[in-house]
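Report on the structure given below.
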Amino acid sequence: MSNENPQKAEFITAARRAGGCALKGLGLLAAACALFVLLHAPLLRAAGRWLDIGGAPPEKADIIYVFAGGENERPRHAAALFKQGRAPRVMTAGGLKTDKLMALGIRLTEAEVNAKALERNGVPADRVVQIRRSASTWDEAVTLRGYMERRKLRSAILVTSNFHTRRTRLAARAAFKGYDAQLHIVSAPNPFTDLDNWWKTEEDLITVSTEFMKYGFYFVNYRLGLKRSHPTRQPEAEAAK
């Protein structure tokens, strides 16, 4: 007859079971890590590409709109579209002043910076509409809707950076609710943000990660309607009509 303590035997059995579970858990974790190593690049690449929904511009539109920011690519592409005869005017908005220029004593709004870039790229000054107001993509969409509605314009080419196009579409759809207009979102060629390899550089990682957070904010507030999505009428401050 065995003299082994029943409690001790039960403890050993439980320990063995726990050890077996731990080994299984480690095995699953190792498999998950291996799977991530194999698939992380395609998944992250797909996430980056998801942000870019830009399409081909139409042959003709009533106006081209350049979203604030991306001064090195957005105005240049908008100017190219203008010179192709796709719209008679180019509009830009933005009331924020660029910090780097302010450090040099130059106080220009984003609208003014983009307007100067448009002129530098061949758009005549009298064909550029400036509205020196707006502090966000949402504000700009509201401003554009107001401008188009007052002038009974029905189509626009919206030019922005590749990573910004999906949020632009969300904001534009919400801002233009109730006003029938054809909005064509176009990605400006952007050598500065590589959506296929965005996780490999600090700058692109910050750009894309921030854009996902902003898109989530816009989705909750303007798509799900937690904020009032109908545009507010505001007076314009135009440099050209």
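Each value in this text was obtained by applying a stated rule to the coordinates, not by laboratory testing. None of these values were measured; they are calculated from a predicted model. For neighbour counting, all protein chains shown are included, and Cβ atoms are generated from backbone atoms with ideal geometry for every residue, glycine included.
Taking K and R as +1 and D and E as -1, what net charge do the other residues with C-beta under 13 Å from the C-beta of G48 add up to?
The answer is -1.
I want to make sure I understand the PRE zone here: with the label point 7 angstrom from the Cα of R127 toward its beta carbon, which residues in the range 54-85 have backbone N atoms less than 14 Å away?
Under 14 Å, as judged by backbone N against the label point of R127, lie 60-65, 76-85 of the range 54-85.
What's the Kirkwood radius of the range 63-223 in Å, using all Cα pairs?
The Cα-based Kirkwood calculation yields 16.1 Å.
Once the other residues with Cβ under 10 Å from the Cβ of E211 are scored (Lys, Arg +1; Asp, Glu -1), what is the net sum?
Once positives and negatives cancel, what remains is +3.
Say R0 is 30 Å: what FRET efficiency, to the nearest 0.05, do E149 and R120 get from their beta-carbon distance?
Here the calculated transfer efficiency is 0.50.
Run the numbers on the range 131-220 and let me know its relative contact order in percent, using alpha-carbon pairs under 8 Å that are six or more apart.
Reported relative contact order: 30 percent.
Tell me the net charge near A79. Cut-off is 15 Å between Cβ atoms, A79 excluded, with +1 for each Lys or Arg and -1 for each Asp or Glu.
+4
What percent does the relative contact order of the range 63-223 come to when contacts are Cα pairs within less than 8 Å and at least six residues apart?
That works out to 23 percent.
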